[in-house]
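Read the structure below first, then the notes.
Since every read-out is calculated from the coordinates, none of them should be taken as a lab result. What you are looking at is a predicted structure, and each value in this text was computed from that prediction instead of being measured. Here the Cβ positions follow ideal geometry from the backbone for every residue, glycine too, while neighbour counts run over all protein chains shown.
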Amino acid sequence: NINTFNLANASFMGGKVDRALQEIRNVRPQPYTQQLMANLAAVLRQKIGPTLQSAPEAALPKLQQCVELDPRNPTHYNELGVAYKALQRFEEAQVAFQQSIDAFEIDALALSVGTMRGVPPQNLNNLIISIANHATTGMEISRRDKSGELLLLAFAHLNDCLALDNNNLMARIHRNIC
């Protein structure tokens, strides 16, 4: 395990990201592997960037790999949700956005301005984006299923976003849509 990790790390440090990704698959996650896995996931996510909008189907397996490599990073779940949403796989998108919110270690059922105030400022915008994505996906499901429950929850979450950042345009637009 340590030899494979060292090989993956050397490949990564040498700029051979694809080789490092191949090697890291054979490494069981350990405390000493977490940083390399997080770095690989971040590089992989950057490579996906343009593909996410133009070909979400192609980006999906790579985003799932990012989640496997670095499961504590909310951004990976959020982008996975964006891909599912683009493919109109709304239930899977909703789960991914919820996982993104959960990765911030906040109880999504108890989301409120009070509980979100504990989020470090550098993470707040990412949290707001995840909540807004979760809310708008809930709106899509509500429209399709003719159910108002998720729509009301979406509206409440978007209000929470605006209470934290009154200038958040995404939250403002989607709350008005609700």
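If R₀ is 35 angstrom, what is the calculated FRET efficiency for the pair Ala156 and Glu57, using the beta carbon separation as r and rounding to 0.05?
Working: r = 32 Å, r/R0 = 0.92.
The value I calculate is 0.60.
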> So, by mean Cβ neighbours within 10 angstrom, what's the order for 79-86, 56-63 with the highest one leading?
Replying inline: 79-86, 56-63
> In the range 1-46, how does Rg compare with the Kirkwood Rh, expressed as the Rg/Rh ratio over alpha carbon atoms?
Replying inline: 0.91
